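Trainee: Here you go, one structure.
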């Protein structure tokens, strides 16, 4: 799909690429492109079909390439929580953005008030806002995980921690790649600074989620130790009574075997040993 937007008389207009005014600055947003769309873009804009096709490859590396009539910029953008390749062609009278999926960018009439550099800055600012909004959501999720880590009433799922960690890694990779590419562009120092700030925020969130993961693993280990400790105490309390009952279960002559009420005597001995064992554990502060 190909969308064309331009401003005329302080009003944003949306039209088809075949009706694009030749003397007006326009933003061309292309996504979900088929072979016919590639041919139309290449023919109307004079951009190589080979270049546009590269924009649809999510494995493309962020970079800046300069040609006689236009500049080609390949960045990474957030689309539905995923990082996608965003190809940009900046010419004198238009800025083309191409992505496998529709990018969430909303431009106002001020974006078209100057030249293509100003329009490109507006688009890049929207990309930064998308990163910022997603990082804000991730921060809220991390805040929640930090609050419930020690809450035994809530069943903490470590998968959520690992998913957040994985998403932050991809965001960091995209931000670093974008920063390096923008740094090569003259007149975009403010945009480069914004990407630096996003990277700092991501680094902070990565440190926090790593701490949450370590705290969770430590807390889970402590809980497991408490469970094992409880089983150990129970097994220790039953150890001597089990030995005594095992001995008296043998078919041989044993002390107290002919004494009246020997069953209760032996049972009492077992209870005494259990009580002494419990007192010993209490003295050692193991229970």
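The values are calculated or read from the model by the stated rules, or taken from the named source; none is laboratory data. All values derive from a computational prediction rather than experimental measurement. Cβ placement follows ideal geometry from the backbone for every residue including glycine, while neighbour counts extend to all protein chains displayed.
Trainee: For residue 270, are the conditions met, namely being in contact with a strand residue (DSSP E or B) (Cβ under 7 Å, 6 or more places away or on another chain) and surrounded by 11 or more Cβ atoms within 10 Å (Cβ to Cβ)?
Mentor: Here the answer is no, as residue 270 does not meet what is asked.
Trainee: On the given criteria, is residue 209 within 17 Å of the chain's Cα centre (by Cα) and part of a helix (DSSP H, G or I)?
Mentor: In short, yes.
Trainee: Test of understanding: among 183, 132, which residue is in contact with a helix residue (DSSP H, G or I) (Cβ under 7 Å, 6 or more places away or on another chain) and free of Cβ contacts under 8 Å to residues at least 24 places away in the same chain?
Mentor: Being in contact with a helix residue (DSSP H, G or I) (Cβ under 7 Å, 6 or more places away or on another chain) and free of Cβ contacts under 8 Å to residues at least 24 places away in the same chain holds for just one of 183, 132, which is 183.
Trainee: Which of the following residues is part of a loop (DSSP other than H, G, I, E, B) and crowded, with 19+ Cβ neighbours inside 10 Å: 103, 88?
Mentor: That would be 103, the only listed residue that is part of a loop (DSSP other than H, G, I, E, B) and crowded, with 19+ Cβ neighbours inside 10 Å.
A quick yes/no check of all residues on (1) closer than 27 Å to residue 141 by Cα; (2) out of contact with any helix residue (DSSP H, G or I) (no Cβ under 8 Å at 6 or more places or on another chain):
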| site | (1), (2) |
| --- | --- |
| 179 | yes, no |
| 213 | yes, no |
| 269 | no, no |
| 276 | no, yes |
| 284 | no, yes |
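Trainee: Residues to consider are 41, 45, 75; find the one that is within 26 Å of residue 172 (Cα to Cα), in the same structural domain as residue 188 (by TED's automatic domain parsing) and touching a residue at least 24 places away in the same chain (Cβ under 8 Å).
Mentor: 75
Trainee: State yes or no: is residue 156 modelled with pLDDT under 90, out of contact with any strand residue (DSSP E or B) (no Cβ under 6 Å at 6 or more places or on another chain) and surrounded by 15 or more Cβ atoms within 10 Å (Cβ to Cβ)?
Mentor: Values: modelled with pLDDT under 90: yes; out of contact with any strand residue (DSSP E or B) (no Cβ under 6 Å at 6 or more places or on another chain): yes; surrounded by 15 or more Cβ atoms within 10 Å (Cβ to Cβ): yes.
For residue 156, the condition - modelled with pLDDT under 90, out of contact with any strand residue (DSSP E or B) (no Cβ under 6 Å at 6 or more places or on another chain) and surrounded by 15 or more Cβ atoms within 10 Å (Cβ to Cβ) - is met.
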